[in-house]
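Accompanying notes for the structure given below.
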Amino acid sequence: MALIVFSISWIKPLSSAQNKVILDKGGVFLSASKGKKGGSAAGGSGGGRQGNSSGTKPPPLGRRVTATPLSLSLAVNAHAIRKQFSDSADLRLRMTASPAAPGIRLAVLYLQGIVDENNIRENILDKLQSASAIEVAPRGSKAGDICSRLRSEVITSGLTESVTTLERALDALLLGCCLVLIDGSGEVLAAEASGGSVRAIAEPTSQTVIRGPQQGFTESLSTSIGQIRRIIRSEQLIVETQRIGRQTCTEVSLIYMKGTARPEMVDEARRRLSEIDVDGIVDSGYIEEYIQDKTFTFFPTLISSERPDQAAAYLLEGHFAIIVDGSPFALLAPVTFFRFFQSPEDYYQRFDIASFLRIIRMSAFLITLHLPAIYIAITTFHQEMMPTNLLISLSAQREGVPFPALVEALIMELTFEVLREAGVRMPKVIGPAISIVGALVIGTATVQAGLVSAAMVIIVAFTAISSFVAPQMNIANAARLMRFLFMISAGMFGFFGIISIDLILIIHLAGLHSFGVPYLSPMAPWIKGSWRDTILRMPRWSMKLRPAIAQDGNRKRQASGQPEDQQKVDQQLKGQKP
Amino acid sequence: MKREAGLRHGEQPGILSLFRRKAEHLEFLSHLLPKSRPSLLRRLQPKLRPSSLHRLPALLLIPALLLLGPAGCWDRQELNELGIISATGVDLTDTGRWEVSYQLVIPNAISAQGAYVGGSSSPVNVFTSVGDSFRGAVSRTTQEMSRRVYFSHNQVVVISEEAARRGINNLMEAYMRNGDSRETVTVLVTEGSARTILEQLLPMERISGVGINRLITLEEKYGGNFRQISMFEMMQDLLSPVHITAVPGIGLSGSGAAVDTVDAAKTTHTGAKVRLQKVAIFKNNKLAGWLSTHENRGLLWVTNRVKGSTVSFPCQGERQKLNSIRLKKQKTRVTPVRKGSGWLMKIESKATGVLMEYNCPGSMRKPQDLLPVEASIEAELKRDMEDGILAAQRLKADAAGFGNLLHLKHKEEWKQIESDWNERGFPKVEIEISVHVKLAKTGRSIESYNEAFEKSRKKE
Amino acid sequence: MGKETSSVSAGQIAIFIMMFSIGSTPMFQLGTDAKQDSWIALAAAAVAGLGMLWVYRTLQNRAPEEDMGGLLKLHFGKVIGIVLGVAMSLLFAYESMRNVRDFGELTLSTLLPQTPMWCVMLIITGIAYYTVSKGLTTFFRITQILLPVLVGSYGLLLLLLLIGGLIDPQRLQPVLENGIGPVLKTAFPDLLSFPFNQVIVLLVFWKYATGSKKTGAASYTAYIAVALFLIAVNAVIMMVLGPALTELKTLPTLEAVVLIRLANFIERLDILVTMLLYIGLYVKIAGMYFASVLLLRSCCKVPLKVGALAIAPLIYAASFLEPTNTYHLWAGLEMSVKMTPFFQIVLPLLMLIIGIGWVKRKAERQKASP
């Protein structure tokens, strides 16, 4: 019998039928996330490619190429596992025994940092040690039976599986399970026990608002998903998780609203995620680079957000979110160009200030792209455009400056970039001192020494300030890089150069897509009715339709707008008044 | 794109494998998509060609363009390579060649705020070049100047009388054809040498070219005696059917030394000042004669070009002009009427204004009281207009623009008389002027101070 | 951008018509032979152009799924159709080349006098090639983005001209001073071919807009709107400059803008004009280039990328054929306006007349049996 079991456990992994996926006996591998499975249908339409009905996908392909069966002896198994880990100090082994299996040695094995030791104590050790004796099973099936009975009657952990190969046992350990080794059995119980300390929910560090929720995502995937679940309490919210990364087995969740998000889009996202085969995923930035539509472009096609409220709002509109375990930045897609100038605060403040601020942001973006270039173009090619007095002032300023305007501009811009990068890494104690150095020395002294003109310093400073206005970091970075292109072309061809690069930029953006959505919608192609939430933000009661990203037929966001309802309410109140 | 999906451990991605993989996906996806959305599939599918080749044109173009940078940014001119010219003067040498003067601005001598009071060097420098043609003269500046002459900020062109009498058509041509000389420069004519005007420094102005421009702008807006005319408007006038234009004149007035050194500018009073005086009438591109300021004012009224003016007028029956009114809005309409073989021009003017100074007896409490005052003003204006037209008729130049009106309204008859309109037709034109002035406000007082004084004295 | 039917909406076609017809037309004062009645000449040509648009539309309706190449093949048979198709494709390429040359000449005379022309023309040809390589839907999106810029700038300029008091209706008078004769002589055929009949390129693009029912109505509306706009601009420029000066100058609109001086600091706006020129010419160049490449594809099955790569150097090299600016202007007046009416007027009319009835049935038969 043991031989049959033995051989079965050999054959099974090799006969990986369909798609190079090694299925385990039970068909469902361990899911380390605390059971956040999707709703009714299996992850939307077309998700059943691998045949998994729910839960996570197995660890990535090629991770394990062999399958060594476990031996029957506990000592051998324990030793084998320890040897694989080269006796890592955080691998803990605790021998134990249980009245439920009298005379059989048991051992509990776990990696200390990633398990919740309370959980292990309560659900496994306690239960083992205080279990009542079970009937002695008939001969021959003693060990196997013990294992399954322990699993079904004694251990009260979340997900408990039995594994038969060494590699599976290692995977289970690494994913935060606690192994229960049973002497005399070729099976090992893997009980879910992941935990360990994670960062508490705190304010988002990078995207702050004045009014609005002050929570940010954390590194723990389950907490993050929980934050979204707290906002969207609907069974239409689907969470599909898979593991990406050969060495890191990072959990990556794809979240969307079934019925609101377009199925083709979600399929495409799923497909792109499943195509990633890499050593490790450390941050959502890795995923972003792998799944973005076009690599050789300055412009991002996904938003990275640290705010659950923003993610939830996007989900409600029909976008999808990708959350990566270990990164507090969720990816939101598909996004268009105009979304990068919308901040969640726009929706919490009133519409007039929101519209005004959006216009300011877009103008600031244009300024940060064009201002140094325009200065260069005007002072070197088109001096007739300046008012005469300004021309004379600038002339006087530039008399002693040795460099041409283009070189001067490049020097100042690069200096500022260096300052900025230094500021990111500066310890907080030295910060103020260095900023004084930056301002005084570089700004004032260079002007007085005659190396650059004063106007240039003003231009660079204003450009830099404008670049901080964009709510999303990645679009500001795009502007930072493109600025140099503009400056160089302005230095060569003046306004002609600026307009040429502008045109090339527009052509490039018009041809860019983000998961099938044209980057410049809803301006081009013009989508009717979407002007209400693009550059301006019209009052909430007038935004009746979801953006065109959402499925056709499901675009109506709310009941008819506020004034009508208000009238009804007024009438009702009047009727009830004595 | 380095998606190495579907590879066995250790296998390197090849271009062909990219193809294969994507083709599989396409097939698969096409099953999934609803049949009604083939376009979405196309949007989603990645480009099916080796990724390196489709960037070839860009890869070739960009280095080519970048190499151009060091090779020469051909149009680049730095600010410190320019010699900014703020005023130009056109003279004639004894031998009949063009003598062009330039007022060059020296930026360093001008501090950022305020006038040049603190400076020790002159803010402008004037130099001259000579040539057979206008642009030929300009091209000679390269022999004298270390910077390139930059005309785009030229504010004013001063033409000397001699040059004007010779004919300015070549000047017009040079201005029209070139891109860097703006046609919106103000034009002035001077009786003496244009260069002298350029050499003057104006009080309160850093650059005298700008100052002179402001002078004439201000005068047009508030004084109503001169019209600021640009090169372009001159062209339009000269190309109009009557071929006549009127250009304000500028000169030095007052005795004493001219203010052409910085030291002279530092005193509290100036010797000879730059001043607008007289008007030059151009006929067929040549200077035909001068009109006085007073006559020009009348002509401005006739041609409907007054923007705002201050008119002095006498009390009824007197000669001394003790009163003033500031007229803000005016409109004149001229209607030509056939009279015999000649023409009668009916000129109707309307104006509105605010009283500024009133020294006549009489109260102004009732609306009827205003009528004699208005009549007085109207008479004054009428006299101005008559003087102006008569002066133009003496000069045999239709500065009043009657010929243009005839061309508009009676084109067939105009065709017959246009050839000698200025000499024959225009001097015979009769005029009938009617002015209507409305005294909108009397200012802050109703009666004259004199009146109030007399009244208080009578009480004693 | 797929093979046969990319989805272009009726609105995008309308916007394209507007941008394309505006092109660089307001820069040059057309019809100056009629002196101050040039706007009347333009109006007459616009009306005739509307008629031609109806002709084109009727032709297209016979086989909505086909473009110009297909229509030629249907009407004249395969061989002659392909010959004519290639000829038209070359004509469009020639027009594109003329515009590239225009662009070079204009940039050199206004913005960058010292820069060599090959550099400027290389840049614009490169940008046009980049556009074509991105595909048709992208091109229509670009025109959608550029339209507000263009309209806004023209509106601003007209407003400033108005506020500055530079507009003088008297310069338009006397109306019809020399009678209607000169007016009609200028209008036909010169003004008809350019700018109004250039919408013949639509015959190449219309097939991509079959998804929407309103394409025809949108086309007519856009045409009328842009015709009114062009007439208005023509009239305004004439009112600012007067007939004598307008005839004399190479770029009357630039002149008019130079004159704007408001509040002592809004002046010297000619950069705005050059930007408008740039955008207008770009749309024309890219549009013609696209039409040429698409026509090649439908006639001779040349794929898009190859066609684009082939025609680009053709355009660039050909733009050097004319040695001087005067030659270029003369060639435009003499040669193009003698050559283009054949393709723009005679050929479509011919197709219209000989193809009544049977072409539509043939097209449907062809569609039914691919």
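The values are calculated or read from the model by the stated rules, or taken from the named source; none is laboratory data. Predicted model only: the values in this text are computed from it and were never measured. Here Cβ is always computed from backbone atoms with ideal geometry, including for glycine, and neighbour counts include all displayed protein chains.
State whether the residues of the stretch C:176-199 include one that is away from every other protein chain (no Cβ under 11 Å), of a type in the set (Phe, Trp, Tyr) and surrounded by fewer than 20 Cβ atoms within 10 Å (Cβ to Cβ). Spell out the reasoning first.
Start the filter on the stretch C:176-199 by keeping residues that are away from every other protein chain (no Cβ under 11 Å), which leaves C:179-199.
After this cut, where a residue has to be of a type in the set (Phe, Trp, Tyr) as well, the list is C:188, C:194, C:196.
Filter once more, keeping what is surrounded by fewer than 20 Cβ atoms within 10 Å (Cβ to Cβ): C:188.
Yes; the residues of the stretch C:176-199 include at least one that is away from every other protein chain (no Cβ under 11 Å), of a type in the set (Phe, Trp, Tyr) and surrounded by fewer than 20 Cβ atoms within 10 Å (Cβ to Cβ).
Scan the stretch A:231-266 for residues that are free of Cβ contacts under 8 Å to residues at least 60 places away in the same chain and either on the phi > 0 side of the Ramachandran plot or among the basic types (Lys, Arg) (or both) and jot them down.
Scanning the stretch A:231-266 gives a single hit, A:ARG233.
Restricted to the stretch A:371-388, and to residues that are part of a helix (DSSP H, G or I) and out of contact with any Lys or Arg (no Cβ under 8 Å at 6 or more places or on another chain), which residue is farthest from the other protein chains (Cβ to nearest Cβ)? Quick ask: steps written out before the conclusion?
From the stretch A:371-388, those part of a helix (DSSP H, G or I) are A:371-380, A:383-385, A:388; that's our starting set.
Within this subset, residues satisfying the condition of being out of contact with any Lys or Arg (no Cβ under 8 Å at 6 or more places or on another chain) are A:371, A:374-378, A:383, A:388.
Working: A:LEU371: 16, A:ILE374: 10, A:TYR375: 11, A:ILE376: 10, A:ALA377: 9, A:ILE378: 9, A:GLN383: 7, A:THR388: 5 Å.
The extreme case among them is A:LEU371.
Take the stretch A:285-308 and flag every residue that is outside any helix (DSSP H, G or I), within 11 Å of chain B (Cβ to nearest Cβ) and not polar (S, T, N, Q).
First, pick out the residues of the stretch A:285-308 that are outside any helix (DSSP H, G or I): A:292-307.
Then drop every residue that is not within 11 Å of chain B (Cβ to nearest Cβ), which leaves A:292-296.
The answer is A:ASP293, A:LYS294, A:PHE296.
For A:ALA479, which of the numbered conditions (1) away from every other protein chain (no Cβ under 14 Å); (2) at pLDDT below 85; (3) buried (at least 19 other Cβ atoms within 10 Å of the Cβ) fails to hold?
Result: A:ALA479 passes all but (2).
Could you tell me whether B:VAL262 is assigned by TED's automatic domain parsing to the domain that holds B:GLU162, over 28 Å from the mean Cα position of the chain (by Cα) and farther than 16 Å from B:GLN393 by Cα?
Working: assigned by TED's automatic domain parsing to the domain that holds B:GLU162: yes; over 28 Å from the mean Cα position of the chain (by Cα): yes; farther than 16 Å from B:GLN393 by Cα: yes.
For B:VAL262, the condition - assigned by TED's automatic domain parsing to the domain that holds B:GLU162, over 28 Å from the mean Cα position of the chain (by Cα) and farther than 16 Å from B:GLN393 by Cα - is met.
For the stretch B:141-158, which positions are modelled with pLDDT under 90 and away from every other protein chain (no Cβ under 14 Å)?
B:THR141, B:THR142, B:GLN143, B:GLU144, B:MET145
Among the residues of the stretch A:482-514, write down those that are at the interface with another protein chain (Cβ under 8 Å from one of its Cβ atoms), in contact with a strand residue (DSSP E or B) (Cβ under 9 Å, 6 or more places away or on another chain) and hydrophobic (A, V, I, L, M, F, W, C).
A:ALA510
Take the stretch B:159-192 and flag every residue that is over 15 Å from the mean Cα position of the chain (by Cα) and of a type in the set (Gly, Ala, Ser).
Result: B:SER160, B:ALA163, B:ALA164, B:GLY167, B:ALA174, B:GLY179, B:GLY192.
Name the one entry in C:VAL100, C:VAL86 that is crowded, with 19+ Cβ neighbours inside 10 Å and aliphatic (A, V, I, L, M). Full working, then the answer.
Numbers: C:VAL86 fails: crowded, with 19+ Cβ neighbours inside 10 Å.
Selected residue: C:VAL100, the only one of C:VAL100, C:VAL86 that is crowded, with 19+ Cβ neighbours inside 10 Å and aliphatic (A, V, I, L, M).
Please give the helices (runs of 4 or more DSSP H) falling wholly within the stretch C:1-100 in which 3 or more residues are more than 30 Å from C:LEU304 (Cβ to Cβ).
On the way: elements: C:10-22, C:38-62, C:68-76.
Qualifying helices (runs of 4 or more DSSP H): C:38-62.
Contact list please: Cβ distance under 7 Å, first residue in the stretch C:235-248 and more than 9 Å from every other protein chain (Cβ to nearest Cβ) and closer than 10 Å to C:PRO169 by Cα, second residue of a type in the set (S, T, N, Q) and surrounded by 20 or more Cβ atoms within 10 Å (Cβ to Cβ), pairs at least six apart or on different chains.
C:MET238/C:GLN36; C:MET238/C:SER38; C:MET238/C:THR246
Looking at C:ILE167, C:ILE145, C:ILE124, C:ILE180, which is the one that is under 30 Å from A:GLU384 (Cα atoms), hydrophobic (A, V, I, L, M, F, W, C) and at pLDDT below 85? Spell out the reasoning first.
Details: C:ILE145 fails: at pLDDT below 85; C:ILE124 fails: at pLDDT below 85; C:ILE180 fails: under 30 Å from A:GLU384 (Cα atoms).
Sole residue among the options that is under 30 Å from A:GLU384 (Cα atoms), hydrophobic (A, V, I, L, M, F, W, C) and at pLDDT below 85: C:ILE167.
Among the residues of the stretch B:353-367, is there at least one that is out of contact with any strand residue (DSSP E or B) (no Cβ under 7 Å at 6 or more places or on another chain), part of a helix (DSSP H, G or I) and either free of Cβ contacts under 8 Å to residues at least 40 places away in the same chain or not assigned by TED's automatic domain parsing to the domain that holds B:SER445 (or both)? It would help to see each step written out before you state the result.
Within the stretch B:353-367, the subset out of contact with any strand residue (DSSP E or B) (no Cβ under 7 Å at 6 or more places or on another chain) is B:361-367.
Going one step further and asking which of them are part of a helix (DSSP H, G or I), we end up with B:367.
Applying the additional criterion that residues be either free of Cβ contacts under 8 Å to residues at least 40 places away in the same chain or not assigned by TED's automatic domain parsing to the domain that holds B:SER445 (or both) yields B:367.
Among the residues of the stretch B:353-367, at least one is out of contact with any strand residue (DSSP E or B) (no Cβ under 7 Å at 6 or more places or on another chain), part of a helix (DSSP H, G or I) and either free of Cβ contacts under 8 Å to residues at least 40 places away in the same chain or not assigned by TED's automatic domain parsing to the domain that holds B:SER445 (or both), which makes the answer yes.
Picking from B:LEU198, B:LEU188, B:LEU171, which residue would you name as being touching a residue at least 60 places away in the same chain (Cβ under 8 Å), assigned to a helix (DSSP H, G or I) and under 26 Å from C:LYS249 (Cα atoms)?
B:LEU171
Test each condition in (1) under 18 Å from the mean Cα position of the chain (by Cα); (2) assigned to a loop (DSSP other than H, G, I, E, B); (3) more than 14 Å from chain B (Cβ to nearest Cβ) for A:ASP277 and report the one that comes out false.
Tallying (1) under 18 Å from the mean Cα position of the chain (by Cα); (2) assigned to a loop (DSSP other than H, G, I, E, B); (3) more than 14 Å from chain B (Cβ to nearest Cβ), A:ASP277 fails exactly one: (3).
If you take the residues of the stretch A:91-105 that are more than 41 Å from the chain's Cα centre (by Cα) and either surrounded by fewer than 13 Cβ atoms within 10 Å (Cβ to Cβ) or aliphatic (A, V, I, L, M) (or both), which of them is nearest to A:LEU174 (Cα to Cα)? Let's see the steps before the verdict.
As a first pass, look at the stretch A:91-105 and keep what is more than 41 Å from the chain's Cα centre (by Cα): A:96-105.
Narrowing the set further to residues that are either surrounded by fewer than 13 Cβ atoms within 10 Å (Cβ to Cβ) or aliphatic (A, V, I, L, M) (or both) leaves A:97, A:100-104.
Numbers: A:ALA97: 24, A:ALA100: 28, A:ALA101: 27, A:PRO102: 30, A:GLY103: 29, A:ILE104: 26 Å.
The selected residue is A:ALA97.
For the subset of the stretch A:210-236 comprising residues that are among the basic types (Lys, Arg) and modelled with pLDDT of 90 or more, which member is surrounded by the fewest Cβ atoms within 10 Å (Cβ to Cβ)?
Ranking the qualifying residues of the stretch A:210-236, first place goes to A:ARG233.
Scan (1) surrounded by 13 or more Cβ atoms within 10 Å (Cβ to Cβ); (2) more than 19 Å from B:GLN228 (Cα to Cα) for the single condition B:ARG333 breaks and write down its number.
The failed condition is (1).
Does A:ALA78 qualify as being in the same structural domain as A:THR165 (by TED's automatic domain parsing), out of contact with any Asp or Glu (no Cβ under 8 Å at 6 or more places or on another chain) and surrounded by 12 or more Cβ atoms within 10 Å (Cβ to Cβ)?
On the way: in the same structural domain as A:THR165 (by TED's automatic domain parsing): yes; out of contact with any Asp or Glu (no Cβ under 8 Å at 6 or more places or on another chain): yes; surrounded by 12 or more Cβ atoms within 10 Å (Cβ to Cβ): yes.
When the stated conditions are applied, A:ALA78 passes them.
Report every pair of residues separated by at least 6 positions or lying on different chains whose Cβ atoms are under 6 Å apart, first residue within the stretch A:430-449 and without any contact (Cβ under 8 Å) to a residue 40 or more places away in the chain, second of a type in the set (Gly, Ala, Ser) and surrounded by 10 or more Cβ atoms within 10 Å (Cβ to Cβ).
Listed by first residue and then by second, the contacts come to A:VAL447/A:ALA454.
Pick from C:TRP118, C:TRP54: which is under 25 Å from C:THR340 (Cβ atoms), modelled with pLDDT of 85 or more, out of contact with any Gly (no Cβ under 6 Å at 6 or more places or on another chain) and surrounded by fewer than 22 Cβ atoms within 10 Å (Cβ to Cβ)?
On the way: C:TRP118 fails: under 25 Å from C:THR340 (Cβ atoms).
Checking each option against the conditions leaves just C:TRP54.
Does any residue of the stretch C:135-143 turn out to be assigned to a helix (DSSP H, G or I) and more than 9 Å from every other protein chain (Cβ to nearest Cβ)? Even if it seems obvious, please write down each step before you answer.
Going through the stretch C:135-143, the residues assigned to a helix (DSSP H, G or I) turn out to be C:136-143.
Now narrow it down to the ones that are more than 9 Å from every other protein chain (Cβ to nearest Cβ): C:136.
Checked against the condition, which is being assigned to a helix (DSSP H, G or I) and more than 9 Å from every other protein chain (Cβ to nearest Cβ), the stretch C:135-143 yields at least one hit.
Output yes when any residue across the stretch A:450-457 is more than 14 Å from chain B (Cβ to nearest Cβ) and hydroxyl-bearing (Ser, Thr, Tyr), and no when none is.
The initial filter retains those residues of the stretch A:450-457 that are more than 14 Å from chain B (Cβ to nearest Cβ), namely A:451, A:457.
Filter again for hydroxyl-bearing (Ser, Thr, Tyr), leaving none.
No - not one qualifying residue is present in the stretch A:450-457.
Quick one: in the stretch B:112-123, of everything that is farther than 9 Å from B:ARG206 by Cα and within 12 Å of another protein chain (Cβ to nearest Cβ), which residue is modelled with the highest pLDDT?
Per the criteria, the residue is B:GLY119.
For A:VAL282, indicate whether it is farther than 26 Å from A:TYR347 by Cα, hydrophobic (A, V, I, L, M, F, W, C), more than 14 Å from chain B (Cβ to nearest Cβ) and part of a loop (DSSP other than H, G, I, E, B). Spell out the reasoning first.
On the way: farther than 26 Å from A:TYR347 by Cα: yes; hydrophobic (A, V, I, L, M, F, W, C): yes; more than 14 Å from chain B (Cβ to nearest Cβ): yes; part of a loop (DSSP other than H, G, I, E, B): yes.
For A:VAL282, the condition - farther than 26 Å from A:TYR347 by Cα, hydrophobic (A, V, I, L, M, F, W, C), more than 14 Å from chain B (Cβ to nearest Cβ) and part of a loop (DSSP other than H, G, I, E, B) - is met.
Taking into account only those residues within the stretch C:275-285 that are among the hydrophobic types (A, V, I, L, M, F, W, C) and within 9 Å of chain A (Cβ to nearest Cβ), which is surrounded by the fewest Cβ atoms within 10 Å (Cβ to Cβ)? Lay out the reasoning, then the answer.
Applying the first criterion (among the hydrophobic types (A, V, I, L, M, F, W, C)) to the stretch C:275-285 yields C:275-277, C:279, C:281, C:283, C:285.
Going one step further and asking which of them are within 9 Å of chain A (Cβ to nearest Cβ), we end up with C:275, C:279.
Details: C:MET275: 19, C:ILE279: 24.
Selected residue: C:MET275.
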